[in-house]
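Here is the structure we will look at, set down as structure tokens.
The values are calculated or read from the model by the stated rules, or taken from the named source; none is laboratory data. Everything numeric here is computed off the predicted structure, so don't read it as measured data. Quick reminder, even Gly has a Cβ in these numbers, built from the backbone with ideal geometry, and neighbours come from all protein chains shown.
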Amino acid sequence: MPIKSYLAHPEEGQKEALIAALSKIDHCEVIPSENKDLLIVVTDTENKTDDEKVKESIETIESLKLLAMVSGFNTPKNN
């Protein structure tokens, strides 16, 4: 179960547009900064394939200027 956190920097004046676009992506939670043009993005997916799809979806958003991963880990399923 990959869980990753990112810092997302919007294009100039596009913070609200980026929040709206990220909020539409499954397995993705957005936490806006109150005093900076910065968003915290947390993804929680079932497997590596879904994780890659979510990251690709995020990277195609036009209002996104920069995406930096802060932390990531994968918890293996118990059999």
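Details
- Scanning segment 1-42 for residues that are out of contact with any Ser or Thr (no Cβ under 7 Å at 6 or more places or on another chain) and small (Gly, Ala, Ser) yields 8, 13, 20, 23, 33.
- When residue 26 is tested against the conditions (1) surrounded by 15 or more Cβ atoms within 10 Å (Cβ to Cβ); (2) part of a loop (DSSP other than H, G, I, E, B); (3) not aliphatic (A, V, I, L, M), the lone failure is (1).
- Total residues in segment 19-63 satisfying the condition of being touching a residue at least 24 places away in the same chain (Cβ under 8 Å), out of contact with any helix residue (DSSP H, G or I) (no Cβ under 9 Å at 6 or more places or on another chain) and aliphatic (A, V, I, L, M): the figure is 3.
- Scanning segment 7-23 for residues that are surrounded by 15 or more Cβ atoms within 10 Å (Cβ to Cβ) and either assigned to a loop (DSSP other than H, G, I, E, B) or among the polar types (S, T, N, Q) (or both) gives 11, 14.
- Enumeration of residues in segment 32-50 that are within 10 Å of the chain's Cα centre (by Cα) and under 17 Å from residue 68 (Cβ atoms): 39, 40, 41, 42, 43
- None of 62, 46 is exposed (fewer than 15 other Cβ atoms within 10 Å of the Cβ), modelled with pLDDT of 95 or more and not hydroxyl-bearing (Ser, Thr, Tyr) except 62.
- Residue within segment 30-48 that is assigned to a loop (DSSP other than H, G, I, E, B) and at positive phi present: no
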